[in-house]
Amino acid sequence: MNLKKIETTLSSTKLTIWVLLLISVASIFGTLIPQNESIEFYRSVYGSKAGVITGLALNDTYHSSWFIALIALFAINLIACTTKKWTVFLRIMRHKPRDADAKTLKAMSIYHSWPVKTYKDTMTGEIHQAVRQIGLNLKIIGATSNGISFFAEKGKISRCGFFSVHAGILLILMGAVLTGFGFRGSMMLPEGETSSKVAIGQGDRSKNLDFQIRCDEFEMTTYQGTQRPKGYKSRLTIVEDGHDVLTRIIEVNRPLTYKGVTIYQASYGTIPDTDRIFLGIEPTDSSREAQRITVKLGEKTSLQGGEYHIIIDRLVPDFVMDKNCEVSSRTHVMRNPAISLSLYKNNEHISDQWLFLQQGSFHASRSGPWHFIFMGVSGKTYTGLQLTKSPGLWLIWLGGFCLTVGLFIIFFTSHERIWIKFKKEGNGGVITIAASSNRMTMFKSKMTGLIQAVEKITGILTTSERANSHE
Amino acid sequence: MNSSTLLGISTFVYLIMSVGHLYRILFKKPDTDKILMPAAWAALAVNVLGWIMRWIETQQTGHAYVPLSNMYEALTAVSWCVVLVYLLVERKYRIGILGVFIFPLVSLAMAYASLSPNVNQQIQPLIPALQSNWLTYHVLTCFLGYSAFTVSFGAAIAYLIKLMGDSTTDNTQLLDEIIYRANAMGFIMLTIGIITGSVWASRAWGAYWSWDPKETWSLITWIIYAIFLHARLSRDWRGKKAAILSIVGFCAVLFTFFGVNYLLAGLHSYA
């Protein structure tokens, strides 16, 4: 394979444009197709095309391997472009004002040359003044009996803009990669409780912090006379080795950072208090009394007479049964709470059943000599915290800063260089002006003005005069 | 005078300005600039005053927030941003013909803000996530960016029309230059807008980037203008191609501003 060719392709602006276009198109799909929904959702919305969507990972576009590969290609292209320009950049930055030969000058985008009768020393000052008019400072870089050379330069920093912008974007991408080494999770912390367990993702994984968080108090305020939330506030205490380390109030937009973990106020709600499950028990015959008891999850509770006892094995706040008849909770909100109750007679398991709060008054749950009615469960207010460890965040901000500064440099500065030379030829001589800039549009008109001004100072030898001078 | 009266007056003046600029173009009367320009500055002043009045009204209701938090406030703010940027460009380049594109757009936005049933004009106190100074920095920088892109769009349309008609007047070169400069300005502002938004998101939600539709569309817009600038600076795309790319970019701006809110759901759904 031709390595040189690969290198040229990887560092081409054409590739940049194509990769950016592809990223845009992919992103558009990502916004049009709802992301991270269940397979059933895609089947019901897209029918037979659902397979295409999941196959191409368009249900999680921005984390799909091909999208990440596109961004990686973009990063490679960016690095290749930047290094390609690096040597040229160094040469320009190190450039000392020096005389340029005629050939180099002739190759510049602005080049003008005309014959003059003579060169007087007083002209130096005037030319100097004319160049200052367009904002540059002329220096003498060579003076011999044969002529004199001037050079002026401005805005070298303009060449840095390109690097600052590209480095900024690379820093942001690096920051994003580093973010992958952190985590993002949540914690539902009821008032008064302490925890170090962070639920990651959909709650199927968890992570233990090396410190604990206690929620001392949670408060939600609403705007007067409305249900519109005004603020959520939690007073949190960080606990380490059993000692309270610090106490802070966090609010939305006012997080707390401790040991690299930032704790955000994200939500609030109520979760069932498993210590306070209310159960109604009605005997099926009149030999026993009806009663109302409060039971704890997992705790053995003897019933009247002592012959029977029950255990609440499970409590799910939002009952749902999947295809395999497995019970789980759809959310952590108490939308459809249910308990699983086991009945024992003389310590022997005789039945178990699911009881639902919403069907509480419905005597469907006859079991042995009893009706069991799930009458409710206490709720506990919890504060919904979001916990993030983002080791790459500082790189993102640094990158954003470099990017912005670089853009200002690119669009508000320009690198301008001007050479002016007088060379003796016979009795008279020739004036040469050459100039170049990385932003030509404005510079061109500035230079047209300068050339006119210098022509006025030195005068132009007409052809007939020139012929005379040669005689 | 309350804010809606002032904003109503500016809407009316913008409408008249649209007609005035149409007259100026169709009957080739550049002299009308003597009236149109001061009138534009006056309309801008009334628009800004109306917006500030809205700010004062939020304080009177006891909620005190910078009015940038719903579609109504956003439209009245983006309108004065567009007119401001347009007038600055006009003052520098004296191109004259941009107004015929800018004022209809602005009066449409203003009229939509006050007349559409989709736009709620009530002063509603801010939900917790919006209670941040970053709201102002983020929204204003984005809006100034959108404004520059709007001016560039106007110049691009003007350029294409000129190209079809009396072609090579030296105006086309100036228009081409305005397209480039406005896009460059807009790009800087949009970049700052995305970064400030990212800082804010990181403080409010704990994630600097979540691929929310608004975020993603602002990135798409950013990419289109990045392509424009690369094509211009390293491949010297000018004229027709550059003008068309600017129009494509402006469509992305419109979708980011309106489309995302009405067609896609996401974290920005309150605005």
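The values are calculated or read from the model by the stated rules, or taken from the named source; none is laboratory data. Remember, predicted model here, so these are calculated numbers, not experimental data. Please note: Cβ atoms are built from the backbone with ideal geometry, for glycine as well, and neighbour counts cover all protein chains shown.
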When you check A:Gly280 against the structure, is it surrounded by fewer than 13 Cβ atoms within 10 Å (Cβ to Cβ), modelled with pLDDT under 90 and more than 14 Å from every other protein chain (Cβ to nearest Cβ), yes or no? no
Right, A:Ser234: assigned to a strand (DSSP E or B), within 14 Å of chain B (Cβ to nearest Cβ), within 30 Å of A:Leu315 (Cβ to Cβ) and in contact with a Ser or Thr (Cβ under 7 Å, 6 or more places away or on another chain) or not? yes
For the range B:127-142, does any single residue satisfy the condition of being modelled with pLDDT of 95 or more, in the same structural domain as B:Met185 (by TED's automatic domain parsing), in contact with a Lys or Arg (Cβ under 9 Å, 6 or more places away or on another chain) and not polar (S, T, N, Q)? no
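Yes/no matrix, rows are residues, columns are (1) of a type in the set (A, V, I, L, M); (2) closer than 19 Å to B:Ser234 by Cβ:
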{"position": "A:Asn2", "(1), (2)": "no, no"}
{"position": "A:Ser48", "(1), (2)": "no, no"}
{"position": "A:Leu56", "(1), (2)": "yes, no"}
{"position": "A:Phe74", "(1), (2)": "no, yes"}
Does A:Arg292 fit the bill of being among the basic types (Lys, Arg) and without any contact (Cβ under 8 Å) to a residue 24 or more places away in the chain? no
Given the conditions (1) out of contact with any strand residue (DSSP E or B) (no Cβ under 7 Å at 6 or more places or on another chain); (2) outside the structural domain of A:Glu348 (by TED's automatic domain parsing), every one holds for A:Gly305 apart from (2)
Residue in the range B:69-87 that is more than 18 Å from B:Cys142 (Cα to Cα), hydroxyl-bearing (Ser, Thr, Tyr) and surrounded by 20 or more Cβ atoms within 10 Å (Cβ to Cβ) present: no
Flagged in the range A:114-131 as in a helix (DSSP H, G or I) and within 58 Å of the chain's Cα centre (by Cα), in numbering order, are A:Thr124, A:Gly125, A:Glu126, A:Ile127, A:His128, A:Gln129, A:Ala130, A:Val131
Scanning the range B:232-248 for residues that are within 11 Å of chain A (Cβ to nearest Cβ) and either small (Gly, Ala, Ser) or at positive phi (or both), the one surrounded by the most Cβ atoms within 10 Å (Cβ to Cβ) turns out to be B:Ser234
How many of the residues making up the range A:30-48 are assigned to a helix (DSSP H, G or I) and more than 10 Å from chain B (Cβ to nearest Cβ)? 10
A:Leu297, sole failed condition from (1) touching a Leu at 6+ places or on another chain (Cβ under 8 Å); (2) in the same structural domain as A:Asn347 (by TED's automatic domain parsing); (3) in a strand (DSSP E or B): (3)
Conditions first: (1) in contact with an Asp or Glu (Cβ under 9 Å, 6 or more places away or on another chain); (2) loosely packed, with under 14 Cβ neighbours inside 10 Å; (3) within 14 Å of another protein chain (Cβ to nearest Cβ). A:Arg228 passes all but one, so which condition is the exception? (1)
Can you work out which of the residues in the range A:259-268 that are more than 18 Å from A:Thr237 (Cβ to Cβ) and surrounded by fewer than 18 Cβ atoms within 10 Å (Cβ to Cβ) is farthest from the other protein chains (Cβ to nearest Cβ)? A:Gly260
Given (1) crowded, with 16+ Cβ neighbours inside 10 Å; (2) in contact (Cβ under 8 Å) with a residue 60 or more places away in the chain; (3) within 14 Å of chain B (Cβ to nearest Cβ), A:Leu256 misses just (2)
Report yes if A:Ala69 is out of contact with any strand residue (DSSP E or B) (no Cβ under 6 Å at 6 or more places or on another chain), in a helix (DSSP H, G or I) and either within 14 Å of another protein chain (Cβ to nearest Cβ) or over 20 Å from B:Ala231 (Cα atoms) (or both), otherwise no. yes
Check B:Lys162 against each of (1) more than 30 Å from A:Thr257 (Cβ to Cβ); (2) facing chain A (nearest Cβ under 10 Å); (3) modelled with pLDDT under 95 and name the one condition it does not meet. (2)
Only one of these is facing chain A (nearest Cβ under 9 Å), modelled with pLDDT under 90 and either touching a helix residue (DSSP H, G or I) at 6+ places or on another chain (Cβ under 8 Å) or crowded, with 21+ Cβ neighbours inside 10 Å (or both): B:Gly266, B:Gly259. Name it. B:Gly266
Restricted to the range B:181-231 and to residues being part of a loop (DSSP other than H, G, I, E, B) and either among the charged types (D, E, K, R) or more than 8 Å from chain A (Cβ to nearest Cβ) (or both), the residue surrounded by the fewest Cβ atoms within 10 Å (Cβ to Cβ) is B:Ser210
In the range A:382-406, which residues are part of a helix (DSSP H, G or I), under 22 Å from A:Arg254 (Cβ atoms) and at the interface with chain B (Cβ under 10 Å from one of its Cβ atoms)? A:Leu393, A:Ile396, A:Trp397, A:Gly400
Across the range A:343-371, which residue is farthest from the chain's Cα centre (by Cα) among those that are buried (at least 18 other Cβ atoms within 10 Å of the Cβ) and at pLDDT 85 or above? A:Tyr344
Filter the range A:87-117 for residues that are exposed (fewer than 13 other Cβ atoms within 10 Å of the Cβ) and in contact with a helix residue (DSSP H, G or I) (Cβ under 8 Å, 6 or more places away or on another chain); the one that is nearest to A:Ala434 (Cα to Cα) is A:Ser109
Which of the strands (runs of 3 or more DSSP E) contained wholly in the range A:306-347 include at least 1 residues that are basic (Lys, Arg)? A:308-316, A:338-345
How do the pairs read when you match residues in the range A:24-51 that are under 19 Å from B:Thr216 (Cβ atoms) with residues anywhere that are in a loop (DSSP other than H, G, I, E, B) and aromatic (Phe, Trp, Tyr), using Cβ under 9 Å and keeping only pairs 6 or more apart or on different chains? A:Ser27/B:Trp211; A:Gly30/B:Trp211; A:Thr31/B:Trp211; A:Gln35/B:Trp211
Only one of B:Ala148, B:Ala77 is over 18 Å from B:Trp55 (Cα atoms) and small (Gly, Ala, Ser), namely B:Ala148
Please tell me if A:Ser38 is within 21 Å of the chain's Cα centre (by Cα), of a type outside the set (A, V, I, L, M) and either modelled with pLDDT of 90 or more or loosely packed, with under 15 Cβ neighbours inside 10 Å (or both). no
Going residue by residue through the range A:410-421, is there one that turns out to be over 30 Å from A:Val198 (Cβ atoms), part of a helix (DSSP H, G or I) and among the hydroxyl-bearing types (Ser, Thr, Tyr)? no
For the condition free of Cβ contacts under 8 Å to residues at least 40 places away in the same chain, closer than 25 Å to A:Leu393 by Cβ and out of contact with any Pro (no Cβ under 9 Å at 6 or more places or on another chain), what is the one hit in A:Ser234, A:Ser206? A:Ser206
